[in-house]
Amino acid sequence: MDSELHRLHIFFLPFMAHGHMIPTIEMAKLFATRGIKATIVTTPLNLTIYSKHMERIKQSGLDINIQIVKFPSMEAGLPEGCENIDAIISSSGSNSRELVGKFSKALSMLREPLLRLLQEHRPDCLIADMFFPWATDVATECEIPRIVVEVISLLSMCASEAISRYEPHKKVSSDSEAFIVPDLPGEIKLTRHQLADNLKQEGDFTKLLREVRASQLKCFGNVVNSCYQLEKDYADYFRNVMGMKAWLVGPLSLYNKDVKDKTHRGKEASIDEDECFKWLDSKEPNSVIYVCFGSEAHFDSQQLMEIALGLEASEQNFIWVARKGKKEEQNGDNDWLPQGFEERMEGKGLIIRGWAPQVPILDHVSVGGFVTHCGWNSILEGICAGVPMVTRPVTHEQFLTEKLVTQVLQVGIGAGVKRWVDIGVAGDIVSRDDICKAVRQIMVGEEAEEMRRRTKVLQEMARAAVEEGGSSYTDLTSLIEELRLHRAAAREQ
Ligand code: UDP
């Protein structure tokens, strides 16, 4: 029989934000390396942003196709070109909630075009981001299984569930009084200040998350960018207590072996890569701290100023991916660096204004630490590079993931930020002293060495997990096998 008939064909639908697009595309590549035909569904603008990544995919010879659907920006009342969270953040002033609402509406309008694509191409499975809860019904209509791509930490999903179930935050007397998340392994300690609004009050997002949870429970299962060794207790909780079927196949960034694949994963770098690596080559091993707060967080001038002065005071070499706050950008305000900072830091610090090739920077032998906002991709990338971290969470589930780093795995030190804020809102200021202290704690001295040793152990575990015979490799094999059996059973009916 024609071997084409035996090959599984999977459709991937990533959510339009870098922290989701990058791992979902990497997941499609991973499936393709196991002989599966993959099709990624995206929109014109997002395809353009990822053009280098797509070019690399084409050159790889893997069987990955792209299907474009028009993003209904106009129909949903969004400005033209608002096809991703990046665009929402940069075009929203005080009306960010309104724009997010319209963005959600546009996402739900993708249902019909997706259905048509599935009916036309008849794949064997749909792997779609959690933020498309309706994708399970669309897949059911096409009589194929739907799997959810999980791009956040298992700890954060489990902690959110336990907090929603037991409401421990309602039993403390103030926003700053600590409570332990009940029922959850690891004695995770939090305050009400650190919880996302959706965990504290009912709103549109709470409603969406309930739909997400329901669709997770009724779909074929969840494919998670994590590995068992890093989140063992939370993987068990997710499966056994929350009742979720899950395959842990990450860390996905580790499957990129070629430096060009590691470099061209997201937006195009705002720095000449050769120049950046030459600069790093000139530094001693573990002597550079890399500072980056992901693709969404923007700080105001005051916080940027404190970061700059904290880095200077730490006396460490640094690469800082700095992005001005919205207000500063709109005002054309260039006053966010201390006077004479760049001249003083000549040779000692490199500022990247925009987008950095994060994974190869972290992997460089000269990089010895990472100041991060605790986005899950960044945390995994830090662990995979074997570098201890300073945690400075901002929003989303980042305060929950911080606990994995500082409390459970003990490979990081908190910079001391106390309060969750919505994306785009200026939050607490972490002072230069706190930044300097935390940076020195992970870069210099016996405690830093100990933390580095612990991170290297996790790095080895993560690397072993994705190798043939490792837990992530084996989970992926089981998932593919289950999909084959499912298809065979469906064909017999
Ligand atoms: N990233 C990058 N360069 C940057 C900023 C981010 O390569 O200048 C990548 C980073 O490596 C990660 C992703 O973008 O893979 C960000 O995802 P994460 O979950 O860490 O944070 P988010 O952007 O979703 O807050």
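Observations
- Calculated log₁₀ intensity ratio I(q)/I(0) where the Debye formula runs over C-alpha points of the chain, q = 0.05 Å⁻¹: -0.18
- Taken about its Cα centre, the chain carries a charge dipole of roughly 780 debye when the Cβ of each Lys and Arg holds +1 and the Cβ of each Asp and Glu holds -1.
- Per-residue packing, averaged as other Cβ atoms within 10 Å, sorts the ranges 212-222, 459-469 into the order 212-222, 459-469, beginning with the highest.
- Mean Cβ count within 10 Å, highest first, over the residues of peptides 255-267, 383-395: 383-395, 255-267
- Helix 376-385 vs. the chain, principal-axis angle (Cα, 0 to 90°, nearest 10): 70 degrees
- If R0 is 41 Å, the Cβ-Cβ spacing of SER90 and GLU284 corresponds to a FRET efficiency of close to 0.60.
- Carbon and sulfur %, accessible surface of the stretch 379-493 computed with the full protein complex present, 1.4 Å: 51 percent
- Close amide H partners of ILE127, meaning residues 5 or more places away or on another chain with modelled amide H under 5 Å apart, are PHE11, PHE12, LEU13, ILE147.
- In this simple spin-label model, placing a label point 7 Å from the Cα along the Cα-to-Cβ direction at both VAL212 and LYS232 gives a separation of 2.8 nm.
- What separates the Cα centres of the stretch 241-280 and the stretch 219-240 is a distance of 21 Å.
- Net charge over other residues, Cβ less than 13 angstrom from the Cβ of LYS102 (K, R count +1; D, E count -1): -3
- Solvent exposure ordering (accessible area, 1.4 Å, most first) of THR42, THR48: THR48, THR42
- Percent of Cα-Cα distances greater than 16 Å, calculated over the stretch 181-255: 63 percent
- Entries in LYS105/LYS257; LYS70/LYS245; LYS348/LYS437 that, when Cα-Cα distance is taken, lie over 30 Å: LYS105/LYS257; LYS70/LYS245
- Solvent accessible area, Å² - TYR228, 1.4 Å probe, full protein context: 70 Å²
- Area of LEU485 that stays accessible when all protein chains are in place (1.4 Å probe, Å², to 10): 110 Å²
- The angle separating the long axis of helix 204-218 from the principal Cα axis of greatest extent in the chain is about 50 degrees.
- Long-range HN-HN contacts of ASN317 with modeled amide H, under 5 Å: ILE289
- Placed amide H near ARG323: partners under 5 Å, 5+ positions off or other chain: PHE299
- Total formal charge among the other residues, if their Cβ is under 14 angstrom from that of GLU447, Lys/Arg +1 and Asp/Glu -1: +2
- Packing-based ranking, highest mean first, of 412-422, 13-23 given that Cβ atoms within 10 Å are counted: 13-23, 412-422
- Evaluating 6.51 cos²θ - 1.76 cosθ + 1.60 at θ = phi - 60° for every residue in the stretch 234-248, the Karplus couplings come out as 7, 5, 5, 5, 4, 7, 8, 8, 7, x, 9, 7, 8, 10, 9 Hz, glycine and proline recorded as x.
The values are calculated or read from the model by the stated rules, or taken from the named source; none is laboratory data. Keep in mind the model is a prediction, meaning the values are calculated, not measured. Glycine also receives a Cβ, built like all others from the backbone with ideal geometry; neighbour counts cover every protein chain displayed. For the accessible areas, the whole protein counts, side chains as well, though only heavy atoms, and no ligand, DNA or RNA atoms are used. Shrake-Rupley method; radii C 1.70, N 1.55, O 1.52, S 1.80 Å.
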